[in-house]
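The values are calculated or read from the model by the stated rules, or taken from the named source; none is laboratory data. Not measured: the values here are computed from a predicted model. Backbone-built Cβ (ideal geometry, glycine too); neighbour counts: all protein chains shown.
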Amino acid sequence: MSSSQTPLITFIGGGNMASAIIGGLVRQGHPVNALQVVEPWDEQRVRLTQQFPGMTVLPAASAELKPSDLVVWAVKPQTFKDAAEAARAHVAGALHLSVAAGITSESIARWLGTERVVRAMPNTPALVGLGMTGLMARAAVSADDKALVEQVVRTTGELVWVNVEADLDAVTALSGSGPAYVFYFLEAMRDAGAAMGLSPEVAYQLAVGTFVGASTLAQRSDDPPQVLRERVTSKGGTTYAAITSMESSGMKDRFAQALKAAQARAAELGREFGA
């Protein structure tokens, strides 16, 4: 990408998700002098400056900010409104990409005075380039705007677009919060393995390797998950015993209820902090 084509990207908030995106951009050749960050915490500013030498890192939005092509909002939902009001005058004309959970694009558009808003729901595997991000654009977002957003988000992994904003609450429940469910099952498998006589370290290695392998197999296969499961489940065998036990305890229904709770909380966040 030539310098004349390089978009200037500003990050409001410089925490883990912003750092993951910045790292991905830099690895793909985006120059650090075309990146700038507003990060109020001293320690994180120092960390960013050390990690990405030459990048502009400011304690607050001010006239020092260069005109931006894209502003990435990587702030906590409860601080978004204040951050938007503080930065609004300095980011006029930019496309805006929010990775804040729950905050609706309507609230963001109102706070920033623009309709060029895209909402994203990423997840933490973005930190290792294996993220899954759901995206939703307001009507004023152009095809070129979407292409720029995709260029940025793809540095952290895969993405999907949804057309209805409420669907992002379901995305939050599935993939946004999803890594925690995987870690929860890894904990349970490690503890169960240890209870069966394995060392916790060996049990955890087996569990992680199994998740990685099974997920990769699912990703590469054209078969639906139930077919993949049935291939491992011989009637009367060990897997059959485990699956039967889980089914009899209603695990699938309980898991679905847990995801619905996450979906409901995502919607609540929008109402709680979007006024």
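Structure data summary
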{"item": "Residues of the stretch 127-159 that turn out to be of a type in the set (D, E) and closer than 25 Å to S215 by Cα, as a count", "result": "2"}
{"item": "Where A92 falls short, out of the listed (1) small (G, A, S); (2) touching a Lys or Arg at 6+ places or on another chain (Cβ under 9 Å); (3) modelled with pLDDT under 95", "result": "(2)"}
{"item": "Those helices (runs of 4 or more DSSP H) lying entirely in the stretch 48-155 with at least 3 residues assigned by TED's automatic domain parsing to the domain that holds I12 and farther than 24 Å from S175 by Cβ", "result": "80-87, 105-112"}
{"item": "Sole exception among (1) buried (at least 22 other Cβ atoms within 10 Å of the Cβ); (2) of a type in the set (A, V, I, L, M, F, W, C); (3) at pLDDT below 95 for M121, by number", "result": "(3)"}
{"item": "Pairs where the first residue, in the stretch 155-179, is touching a residue at least 60 places away in the same chain (Cβ under 8 Å) and the second is in a helix (DSSP H, G or I) and β-branched (V, I, T), C-beta under 6 Å, 6+ apart", "result": "T156/I21"}
{"item": "A170 being under 16 Å from the mean Cα position of the chain (by Cα), over 16 Å from Q263 (Cα atoms) and among the small types (G, A, S)", "result": "no"}
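Rundown of residues vs (1) surrounded by 15 or more Cβ atoms within 10 Å (Cβ to Cβ); (2) in contact with a Leu (Cβ under 7 Å, 6 or more places away or on another chain); (3) not charged (D, E, K, R), yes/no style:
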residue	(1), (2), (3)
T155	yes, yes, yes
A188	no, no, yes
L198	yes, no, yes
Q205	no, no, yes
T238	no, no, yes
T244	no, no, yes
D253	no, no, no
